[in-house]
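The values are calculated or read from the model by the stated rules, or taken from the named source; none is laboratory data. The structure displayed is predicted, hence computed values, not measured ones. Every residue, glycine among them, receives a Cβ derived from its backbone with ideal geometry; neighbour counts consider all protein chains shown.
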Amino acid sequence: MKLTMRIMSAAVVLWMALQPTTLSARPAVIRDAEIENIIRGYATPLLQAAGIAPGDARLILVRDNQINAFVAGGMNIFIYTGLLRSVDSPDEIRGVLAHEIGHIAGGHIARLGAELERASAQALLSTILGVAVAVAAGRADAGAAVIAGGSGSAQRGLLAHTRTQESAADQAAFRYLEVSGLSAAGMVAMLDRLAGQELVSDTYQDPYVRTHPLSRDRVRSAKAFVARARNPGRTASPAELATYDRIKAKLAGFIDPPQRTLDRYAANDPGVPAQYARAIAQYRRGDLVAALRGIDGLIQQAPNDPYFHELKGQMLYENGRVQEAALAYESAVALLPSDPALMGPAAKAMMEAGGVERTARAIQM
């Protein structure tokens with residue numbers, strides 16, 4: 001009975017956080033080798049600073065416009081595309097990651113049972129969302145069937161954290177950033193960005209604010225840390241900022257209506273992010289000739305970039321040009337071997353393209 005009540009309280013909190021998302025637009029896990037590798041690059045030194053082996057943590061991208069991030073089911077860090085698109089600098093994402101890693105290190109997360117914690121990312125996300133919906137609808141038994149352990153963290157909710165936990169995670173995040181030689185200015189900027197929502201109705205708050213209680217004390221504490229830091233740490237380099245602009249353009253190309261992307265990234269913009277976004281938008285609206293012209297132009301500029309070859313392979317494969325797609329994917333794999341997000345689609349295209357050697361290589365992936 002106590003476990004059921006704890007789950008019901010947790011699920012109601014999560015249900016409130018997810019209200020703006022309709023069932024037809026439920027968040028979904030996506031795989032993207034480029035974005036995953038960039039985010040993992042941000043997270044790796046922070047995980048190491050926390051004493052966590054980087055390979056033990058799973059970074060999961062969630063396609064949804066909400067500004068949100070959370071940890072659940074062990075060391076699973078869910079990052080929403082809405083969060084990635086809402087900020088202008090990797091420094092803010094590093095701040096969010098450092099904070100979420102602080103929750104992991106502090107044990108502020110609900111355990112979902114060993115089987116679920118080893119489940120696929122989509123299964124785990126679906127379970128988290130499903131428990132919230134079922135319990136909020138009065139089916140507390142559904143929650144009891146999923147949540148295991150009845151630990152203190154389960155009492156505090158699936159995703160919701162107390163103000164004490166938030167403060168502890170902040171302090172841990174400051175340490176991880178400092179040990180990694182990184183500035184906490186991005187974390188301050190993120191807290192400032194969210195602080196204005198503290199007095200806003202729940203209906204209009206970002207889910208991150210509802211599951212991560214924000215207070216002016218947290219903002220003041222963050223600013224005080226930056227002010228007294230003996231080593232201010234480095235902020236994102238011009239190259240890192242350019243890379244971040246590129247992944248934001250990629251997300252815009254794949255998520256926004258194609259015409260909106262083409263209007264935003266005008267044809268007279270010669271930058272790589274604009275070329276990238278336009279190529280994706282053209283591909284999504286069915287203009288393969290223009291899309292291939294765009295991606296070939298990017299490959300000509302950066303022939304050793306595996307992600308341009310990967311995108312070309314995707315464009316060709318989804319338009320039935322399997323032989324050409326296999327060649328593009330082979331180029332991508334040669335430049336980025338053993339990447340799990342790339343191996344799946346590459347192996348599929350190579351198997352369908354056929355040929356003894358190509359099929360053998362695909363089987364080995």
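For (1) surrounded by fewer than 22 Cβ atoms within 10 Å (Cβ to Cβ); (2) at pLDDT 95 or above; (3) out of contact with any strand residue (DSSP E or B) (no Cβ under 6 Å at 6 or more places or on another chain); (4) part of a helix (DSSP H, G or I), each residue gets a yes or a no:
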position: ARG40; (1), (2), (3), (4): yes, yes, no, yes
position: THR44; (1), (2), (3), (4): yes, yes, yes, yes
position: GLY51; (1), (2), (3), (4): yes, yes, yes, no
position: PHE70; (1), (2), (3), (4): no, no, no, no
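Residues to consider are ALA266, ALA279, ALA302; find the one that is within 21 Å of ALA349 (Cβ to Cβ) and over 22 Å from the mean Cα position of the chain (by Cα).
ALA279
So which of GLU100, GLU117, GLU36 ends up being at pLDDT 90 or above and either surrounded by fewer than 20 Cβ atoms within 10 Å (Cβ to Cβ) or small (Gly, Ala, Ser) (or both)?
GLU36
This table checks each residue for (1) among the hydroxyl-bearing types (Ser, Thr, Tyr); (2) outside any loop (DSSP other than H, G, I, E, B); (3) modelled with pLDDT of 85 or more.
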position	(1), (2), (3)
PRO213	no, no, no
ASP217	no, yes, no
ARG220	no, yes, no
GLU240	no, yes, yes
LYS248	no, yes, yes
GLY253	no, yes, yes
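When the residues of the range 242-262 are narrowed to those that are buried (at least 16 other Cβ atoms within 10 Å of the Cβ) and among the charged types (D, E, K, R), which ends up nearest to the chain's Cα centre (by Cα)?
Filtering the range 242-262 down to residues buried (at least 16 other Cβ atoms within 10 Å of the Cβ) leaves 243-256, 258, 261-262.
Within this subset, residues satisfying the condition of being among the charged types (D, E, K, R) are 245-246, 248, 250, 256.
Numbers: ASP245: 15, ARG246: 15, LYS248: 12, LYS250: 14, ASP256: 17 Å.
Only one residue tops the list, namely LYS248.
State all residues of the range 80-95 that are among the β-branched types (Val, Ile, Thr) and at pLDDT 95 or above; if no residue qualifies, say none. Outline the logic, then answer.
To start, the set of residues in the range 80-95 that are among the β-branched types (Val, Ile, Thr) comprises 81, 87, 93.
Across the range 80-95, the qualifying residues are THR81, ILE93.
Working only within the range 43-76, note down all residues that are within 8 Å of the chain's Cα centre (by Cα) and without any contact (Cβ under 8 Å) to a residue 40 or more places away in the chain.
LEU59, LEU61
On the basis of being touching a residue at least 24 places away in the same chain (Cβ under 8 Å), closer than 25 Å to ILE30 by Cα and charged (D, E, K, R), does ARG284 make the cut?
Yes, satisfied.
Do you know which residues across the range 120-135 are at pLDDT 55 or above and touching a Phe, Trp or Tyr at 6+ places or on another chain (Cβ under 9 Å)?
Within the range 120-135, ALA121, LEU124, LEU125, ILE128 meet the criteria.
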